[in-house]
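Asks: I'd like to ask some things about the structure below.
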Amino acid sequence: MTWRLDLDPRASRVERWRSLPSPASTGVTGPQGYLATQPLMDAVNAALFLGQPLLVTGEPGCGKTELANFVAWKLGLERKSATDEHGYEFALRFDTKSETRARDLFYLIDVVERFHAAQKPGGIVDPLQFIRFQALGRAILYAAAPNELTTRLPKEHKHPGEPIRSVVLIDEIDKAPRDVPNDLLMEIEGMRFFIPELNRTIVAPTNMRPLVIVTSNSEKVLPDAFLRRCAYYHIEFPDENRLREIVAARLVDLPRSSTLVDDAIAILSHVRSHAAGKKPGTAELLAFLLALKAKGYRAESTLRNGDDWRSEAKATLLKTGDDQRQVMSGFSWTRVGS
């Protein structure tokens, strides 16, 4: 029987936190289960051949972020993770924030700690001691032979010992201040960056340039100069047949022809048609199905004989209070169709 918390006061409480189940997301396949279309792969190949970043747009949850890990896996660029005994690192990821500066994609320096260290007797003044390389900076360092900079990389980011290419994910660049994409133009085009604290420029050899995949939710219009230097692809929301294929590829125990999947897709379509807030994407559909599985539903189960799936639908598909109250209250199988 599936482990679940119970509100019944007579039910025993959890005596040990170690008895908690593993997250259901462990049942989702890794990058090898990503289902790319041929036009999307054509765009990836164009970016590779041109030596340009690939800008990928599409609504949240459509698979933009996972694309980078899939491409890294497809190119055989995964690395054993030093922090996860059983895991791998695929794309080198940078998550853009509202306060991100262009330099942050390459490295960060702890100026406060450096100042305090310098004040101590015999204090450290070497700035390299306080620099932490970020995703794009690491990729450029990995592209070159090991040197005195790469020897300072922490254990989890150790240089592989020979030059290698990387896939870099710059996620949600539209969150950054507007000047950040323009500030990156020369660095991304030349795959180089300057560290003023060391008075040194780091350059990736032309034949080892990392492939950079940049995602955007189109919350801001990106500068024309930046767009001109990118290959581009927009991921459309998949139709129902494509959704079934994606589910079968990502959730291996749910076949393409499945009553549960058909019913879940029908509910997803209703929510997407009526939600005033964020429309759920493929990521939310997978989460909904995982939540149903955790509740005991199987591939042959139907959702049409009861309403005990509604709590899972609200928790995974609807992301505002108004939508949770209104969208599911207007749902009926008669309106959705058979």
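Asks: Where in the chain is the longest stretch that carries no GluC sites (Glu not before Pro) classed as loop by DSSP and with at most 10 other Cβ atoms within 10 Å? Please report the intermediate quantities before stating the final value.
Replies: On the way: sites that count: GLU15, GLU85, GLU99, GLU148, GLU219, GLU300.
Within the chain, the longest run free of exposed GluC sites (Glu not before Pro) spans 220-299.
Asks: Here's another thing I want to ask about it. Take region 99-246, drop everything but the C-alpha atoms, weight them equally and run the Debye formula without solvent; then report log10 I(q)/I(0) at 0.15, 0.17, 0.19 Å⁻¹ to two decimals.
Replies: Each listed q maps to, in turn, -0.87, -1.03, -1.18.
Asks: I've got another one for you. With the alpha-carbon atoms as the only input, what is the per residue convex hull volume for region 238-330 in Å³?
Replies: Here the figure is 85 Å³ per residue.
Asks: Taking amide H positions as placed 1.01 Å from N in the peptide plane, with prolines and chain starts having none, which residues 5 or more places from LEU92, or on another chain, fall under 5 Å of its amide H?
Replies: Under 5 Å from the amide H of LEU92: VAL167, VAL168, LEU169.
Asks: Then there is this: Quick one: Karplus J couplings for region 165-178, per residue in order, coefficients 6.51, -1.76, 1.60, θ = phi - 60°, nearest Hz, x for Gly and Pro?
Replies: In residue order, the calculated couplings are 8, 9, 10, 10, 9, 9, 8, 6, 5, 5, 7, 6, x, 4 Hz.
Asks: Then there is this: Is it possible to state the helix-based mean residue ellipticity at 222 nm for the chain, with each DSSP H run of 4+ residues giving -39500 (n - 2.57), the sum divided by total residues, to the nearest 500 deg cm²/dmol? What is it?
Replies: -9500 deg cm²/dmol
Asks: In units of 2.2 N^0.38 Å, what is the alpha-carbon radius of gyration of region 24-146?
Replies: 1.36
Asks: Once fully extended, how much extra length lies between VAL125 and MET186, figured as 0.36 nm per residue of separation less the alpha-carbon to alpha-carbon distance?
Replies: 19.0 nm
Asks: For a bin width of 5 Å, list the pair-distance distribution of region 81-162 built from all Cα-Cα distances, rounded to whole %.
Replies: Calculated over all Cα pairs of region 81-162, the distribution is 3, 13, 20, 20, 19, 14, 8, 3, 1 percent.
Asks: D for region 166-284, whole µm²/s, Stokes-Einstein with Kirkwood Rh over alpha-carbon pairs at 37 °C and 0.692 mPa s: what number?
Replies: Reported coefficient: 183 µm²/s.
Asks: Something else now. Would you kindly give the portion of the calculated P(r) for region 272-317 that falls above 17 Å, as a percent of all Cα pairs?
Replies: Percent of Cα pairs beyond 17 Å in region 272-317: 34.
Asks: Let me ask something else. Below 8 Å between Cα atoms, with a sequence gap of 6+, how large is the relative contact order for region 27-234 in percent?
Replies: It comes to 30 percent, rounded to a whole number.
Asks: Quick one: length gained pulling ALA46 to SER98 fully straight, 0.36 nm per residue minus the C-alpha distance?
Replies: Working: separation 52, 0.36 × 52 = 18.72 nm, distance 3.00 nm.
That works out to 15.7 nm of additional length.
Asks: Taking θ = phi - 60°, what integer Hz values does the Karplus form 6.51 cos²θ - 1.76 cosθ + 1.60 yield along region 205-216, in sequence order, with x for Gly and Pro?
Replies: Residue by residue, region 205-216 yields x, 4, 7, 10, 4, x, 8, 9, 10, 10, 10, 8 Hz.
Asks: Return the Cα extents of the chain along principal axes one, two and three, sorted largest first, each rounded to a whole Å.
Replies: 71, 51, 36
All of the numbers you see were taken from the coordinates with simple rules; none came from a lab. As the structure is a computational prediction, the values presented were derived from the model and not from experiment. Glycine gets a Cβ as well: all are built from the backbone with ideal geometry, and neighbour counts include every protein chain shown.
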